[in-house]
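Chemist: Supplied in structure tokens, the structure appears directly below.
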Amino acid sequence: MRNLAIICLLFASLFVAPVAFSKEVASANMDGDSAADKFGSTFGTDLNKKGKNFKVSWKAGKGLTFKSGDAFKLSIGTRIQARLDRVEKSDDTQDGTGYEYGTRRFQVALKGYAYSPSIFYKYVFNSDKNGEEIAGGTKEAGIGIEDAFFGYKKGMFKITLGQMKVPFDSEEQTSSSSLEFVDRSGKRHIWERDHGIKIDLTPVKNQVQFTYFFGSGTGGNNTESFFKGNGNTDDHLHAYRAQITPFGKYKFKQGDLKGGDLKVRAGVAYVHWNNLAVDANYQIENDAAGNDFVKGKLDDILDKIELAMENAGMTPAATTDLDVTAITYDFAAKMKGFAYEYNYSKLSGKDGDNAGVGKASTDFYRHQLSYTLPSGLMFGYRYSVMDESTGSNSGGDNHTETTYGISKYFAGHSLKIQADYVEMVEEKAGKDATDDIIRIQAQLKF
């Protein structure tokens, strides 16, 4: 599967790139400038090194923008989510009901371009759940870095370097500011962010896109190296994604708030993270004290693999050859206020050292349907299932989540109030455990 994906990407770039390049060269020659001249004007002495006549503007959801022609652009925006949860647990030995209020997310984002519109950057600082669940951060830090990258784009080519999301499933690719419900599915496969290099090829503008991501495999906000202390040398993360949007651009935003014509998006992605050296708890240790090495949500991926093996009747053991792979399919469509999303993902782990451990998998799927009235009132339904182990020896380990939601959009996703009811059912040997959750959240983004 991995080799097939690589071959498809390379093959696509081989027959598309020459055509695009020849057209660009022909056009350049007609204007009296060669492709080399254009390349030099972007990276050479003609770069814009001084901005003047700055213009200041503001747009809902886009932030405050300072712009000086093609020399420089900076947009500063912020987002805050205030949330109230009521949770009732059927298996709680006490009263079973609890309330929680807090700032779910607070973000400050800076993005734009410098020297040329082709050279872009983005930095996002985040305090998640009052600093407790930052992507790669710690409770003590209080604030962490979500995105920190820059890159170059020209025509159908785009390269991005830094800390960013691993290009995998559609629900995670969608910003938490652009969700139809208060939050994403509670149980899912979360790859989150990693340090790496991402290459995007768009042979057909706004319709066909291929993506390759090479990650360090360390997780977001991690300054460590695999070469430090643990001897791992081939533990990097590789992700491949291909998607089509035949009726034009389809951003990773949930719902159809504008009530436009039919839009469709279909995608497939594959990740492999191989040759991992882990202990018996499936942790990658980076020092003698046994501290967990990976950060972000990559440690959660290893936890899911460990649980899948245990539920399949295996006993995880320390190994220097753990292979982790994942595949996902997703589909989305929207038209005239109606919106539908589906995604399926499968996560697998294989121990190459210990034959008694073998291979185990866990899978997840989600259906999501909504309708948004012209007044900005949205009604939605979501159904998702996580099977913690798909092996023939496993059973009774499904997590089923059913969500009913209602939202009021005042300025799209930038200013909204959302409420939903979630029923989460966990299969157990005896009586299933059920969580009944009511959530109310207000978001301000500017």
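Chemist: If I stretch the segment between Ile199 and Lys50 completely, what's the gain in nm (0.36 nm per residue apart, minus their alpha carbon distance), one decimal?
Modeler: Residue separation times 0.36 nm, minus the Cα-Cα distance, leaves 50.7 nm.
Chemist: While we're on this one: Along the Cα-to-Cβ line of Tyr123, 7 Å from the Cα, sits a label point; which residues in the stretch 155-182 have backbone N less than 13 Å from it?
Modeler: Under cut-off, by backbone N: 163.
Chemist: Would you mind getting me the FRET efficiency between Tyr101 and Ala355? Use the beta-carbon distance for r and R0 = 56 Å, nearest 0.05.
Modeler: Result of the calculation: an efficiency of 0.65.
Chemist: Convert each backbone phi in the stretch 205-211 into a coupling constant with the Karplus relation 6.51 cos²θ - 1.76 cosθ + 1.60 (shift: θ = phi - 60°), then list the ³J(HN,Hα) values in order as whole Hz, x for Gly and Pro.
Modeler: 4, 6, 9, 10, 9, 10, 10
Chemist: Please tell me which of these pairs span more than 18 angstrom C-alpha to C-alpha: Lys154/Lys251; Lys350/Lys428; Lys165/Lys253?
Modeler: Too far apart for the 18 Å limit: Lys154/Lys251; Lys350/Lys428.
Chemist: Additional query: Taking 28 Å as the cut-off for C-alpha to C-alpha distance, list the pairs among Lys258/Lys304; Lys122/Lys304; Lys55/Lys122; Lys205/Lys304; Lys153/Lys336; Lys89/Lys297 that go past it. Provide the component values of the computation, followed by the final result.
Modeler: Working: Lys258/Lys304 38 Å; Lys122/Lys304 31 Å; Lys55/Lys122 20 Å; Lys205/Lys304 37 Å; Lys153/Lys336 33 Å; Lys89/Lys297 26 Å.
Checking Cα-Cα distances, Lys258/Lys304; Lys122/Lys304; Lys205/Lys304; Lys153/Lys336 exceed 28 Å.
Chemist: Using R₀ = 60 Å, calculate the FRET efficiency as 1/(1 + (r/R₀)^6) where r is the Cβ-Cβ separation of Ile440 and Asp321; round to 0.05.
Modeler: Result of the calculation: an efficiency of 0.80.
Chemist: With θ set to phi - 60°, apply the Karplus curve 6.51 cos²θ - 1.76 cosθ + 1.60 along the stretch 427-440 and write out the HN-Hα couplings as whole Hz, x wherever there is a Gly or Pro.
Modeler: Once rounded to whole Hz, the list reads 5, 9, 4, x, 7, 4, 9, 10, 10, 9, 10, 10, 10, 10.
Chemist: At 7 Å along Cα-to-Cβ for each site, give me the label-to-label distance between Arg86 and Lys431 in nm.
Modeler: 2.2
Chemist: Please state the shape class of the stretch 235-285: rounded when a/c is under 1.5, otherwise prolate if a/b exceeds b/c and oblate if not, all from the C-alpha gyration tensor. Walk me through the numbers on the way to the answer.
Modeler: Working: a/c = 5.90, a/b = 2.87, b/c = 2.05.
It is prolate, given that a/c is not under 1.5 and a/b is the larger ratio.
Chemist: How far apart, in nm, are two points set 7 Å out from the Cα along the Cα-to-Cβ line at Lys336 and at Ala60?
Modeler: Spacing of the two 7 Å Cα→Cβ label points: 2.5 nm.
Chemist: Quick check: pseudo-label points 7 Å beyond the Cα along Cα→Cβ at Asp261 and Tyr115, how many nm apart are they?
Modeler: So the label points at Asp261 and Tyr115 sit 4.0 nm apart.
Chemist: Got the relative contact order for the stretch 339-384 handy, in percent, Cα pairs under 8 Å and 6 or more residues apart?
Modeler: That works out to 36 percent.
Each reported figure results from applying straightforward, stated rules to the coordinates on display, with no laboratory input. If you're wondering where the values come from, they're calculated on a predicted model, not measured in any experiment. Here Cβ is always computed from backbone atoms with ideal geometry, including for glycine, and neighbour counts include all displayed protein chains.
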